[in-house]
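Written below as structure tokens is the structure these notes are about.
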Amino acid sequence: MKNIYFIGFMGVGKSTISYRVSRILKKKIIDTDRELEKRQGKAIHEIFTEKGELYFRKLESELLREISQQTDLIISCGGGMILKEENRKLMKDSGIVVLLTATINTIYRRVALNDRRPLLKGKKTKAHLRAMYSKREPIYKELADIEVSINRKTVSMISEEVITKVKEKENHV
Ligand SMILES: Nc1ncnc2c1ncn2[C@@H]1O[C@H](COP(=O)(O)OP(=O)(O)OP(=O)(O)O)[C@@H](O)[C@H]1O
Ligand SMILES: O=C(O)C1=C[C@@H](O)[C@@H](O)[C@H](O)C1
Ligand SMILES: [Mg+2]
């Protein structure tokens with residue numbers, strides 16, 4: 001099976017849904033944020049503070065290059081993985097890309113809960129989220145093979161919807 005890449009804005013549920021999907025499909029999961037934290041022995045916000053965003057983006061791309069050479073993986077991507085053209089190409093060429101979408105209100109409610117997202121430090125306002133989201137939205141949509149809206153759905157409902165759509169997609173290639 002081709003890899004399945006989960007993309008989408010911070011807090012839409014990429015990590016949660018990809019873990020559930022990996023359990024249902026009995027596939028290995030890699031959450032790029034968690035994997036980088038494990039390898040660096042630091043939290044994402046610490047990497048940002050100590051080494052800067054550019055350094056984090058470099059690590060993120062190197063990790064993607066490595067894992068995109070494998071198959072049969074469920075991959076939860078960091079929210080900004082889609083920002084680089086080289087990353088988009090790696091995902092497109094090696095898997096099916098699943099975009100999870102949510103309203104700004106839902107995202108706001110979720111990201112307000114903790115402080116582990118460096119790009120929102122001191123800027124957790126709906127206006128800031130909306131500005132960031134609208135800049136990224138066309139990139140997410142352009143890259144996605146499949147789109148699933150998560151509002152008012154349980155983790156089970158979303159996971160089943162993703163799996164059904166991935167299977168449809170695989171049968172049409
Ligand atoms: N369908 C759902 N219903 C209710 N809560 C959910 C659902 N999916 C995820 N959550 C909760 O929303 C929060 C954000 O989810 P998660 O960490 O999976 O998002 P993410 O897209 O991986 O975020 P990040 O970009 O920060 O990695 C978590 O607290 C999670 O438990
Ligand atoms: O949207 C982003 O740019 C980010 C999302 C998170 O998953 C982390 O990868 C990091 O906080 C950056
Ligand atoms: Mg995550």
*asked:* Whether any residue in region 24-44 is closer than 26 Å to residue 126 by Cβ, over 13 Å from the mean Cα position of the chain (by Cα), within 16 Å of ligand 2 (Cβ to nearest atom) and surrounded by 15 or more Cβ atoms within 10 Å (Cβ to Cβ) is what I want to check.
replied: yes
_Residues being open to solvent by less than 30 Å² (accessible area, probe 1.4 Å), over 16 Å from residue 88 (Cα atoms) and not in a loop (DSSP other than H, G, I, E, B) - total across region 134-173_ = 6
*asked:* For residue 25, only one of the following conditions fails: (1) more than 16 Å from ligand 3 (Cβ to nearest atom); (2) in contact with a Pro (Cβ under 9 Å, 6 or more places away or on another chain). What is its number?
replied: (2)
*In region 61-95, the residues that are among the hydrophobic types (A, V, I, L, M, F, W, C), out of contact with any Ser or Thr (no Cβ under 6 Å at 6 or more places or on another chain) and open to solvent by 10 Å² or more (accessible area, probe 1.4 Å)*: 83
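The values are calculated or read from the model by the stated rules, or taken from the named source; none is laboratory data. Given the structure is predicted, the values throughout are model-derived calculations rather than measurements. FYI the Cβ positions are ideal-geometry reconstructions off the backbone, even for glycines, and counts take in every protein chain you see. The protein model used for the area step is the full one, side chains on, heavy atoms only, and it has no ligands, DNA or RNA in it. Shrake-Rupley method; radii C 1.70, N 1.55, O 1.52, S 1.80 Å.
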